[in-house]
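Worksheet: the structure to be examined is printed underneath.
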Amino acid sequence: MIQGRTDRWMKTGAGAVLAALVLAACSSGGGSGAPRTTSPVRPKSTARLAIVQPTNGEELAGPSVELEVSLEGAKIVPTTTTRLTADTGHLHVYLDDSLVSMTFGLDQQIPGIAPGQHVLRVEFVAADHVPFTPRVFQSVIFEVKP
């Protein structure tokens, strides 16, 4: 009795795997879906990015921190597009690996930072919000005093 159940499961399992493979093969061809690419080519940016303020190792009063960034060899554009160039994009700002803003300026106030040590990372990304290859970013570690 157990052998019969095992045989049916094997046949059903194999049938399910075969059906999944057939469906996958049919759906990847010239259907109405968008073309698939395995590794899209990303532009290589000409940008040079630096965090001017806060400086690495700086101790700040908080709870707000003033961020100042310099960007050379590229310009910030407010438009999102899929027509990418190596010298246009915007900034993503991360505090302790959490995105705090997507900004089109070089200066901003980051409010509500708790006392303690923090990592601030700024990345210049393409106009489609995806990083360049290689990535263009800078990080600093700073401390907010209680």
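Coordinate-derived values only; no laboratory data. These numbers come from a predicted model, not from an experiment. Neighbour counts are summed over all protein chains in view; Cβ atoms, including those assigned to glycine, are modelled from backbone coordinates with ideal geometry.
Take every Cα pair under 8 Å whose residues are at least 6 apart in sequence, average their separation, divide by the length of the range 48-144, and the relative contact order is 36 percent. So for the range 48-144, what percent of the C-alpha to C-alpha distances run longer than 19 Å? In whole percent, the long-distance tail amounts to 37.
The H on the amide N of D128, modeled in the peptide plane, is under 5 Å from the matching H of T81, each at least 5 residues off or on a different chain. Across the range 72-90, the residues whose backbone nitrogen lies under 15 Å from the label position 7 Å along the beta-carbon direction of T133 are 84-86. Along the range 42-57 the Karplus relation, 6.51 cos²θ - 1.76 cosθ + 1.60 evaluated at θ = phi - 60°, assigns HN-Hα couplings of 9, x, 8, 6, 8, 6, 10, 10, 9, 8, 7, 8, x, 8, 4, x Hz to successive residues, with x for each Gly and Pro. Rounded to whole numbers, the Karplus 3J(HN,Hα) couplings from phi for the range 130-146 are 9, x, 6, 10, x, 5, 10, 8, 9, 9, 9, 10, 9, 10, 9, 7, x Hz, using 6.51 cos²θ - 1.76 cosθ + 1.60 with θ = phi - 60°, and x at Gly and Pro.
Derived scalar couplings between HN and Hα for the range 85-96 equal 10, 6, 10, 9, x, 8, 10, 10, 10, 10, 10, 6 Hz in order, rounded to whole Hz, by the Karplus curve 6.51 cos²θ - 1.76 cosθ + 1.60 (θ = phi - 60°), x for Gly and Pro. The label-point distance for S98 and T82, in a model that sets each label 7 Å from Cα toward Cβ, rounds to 3.3 nm.
Distances between placed amide hydrogens fall under 5 Å for A74 paired with R48, all partners being 5 or more residues away or on another chain.
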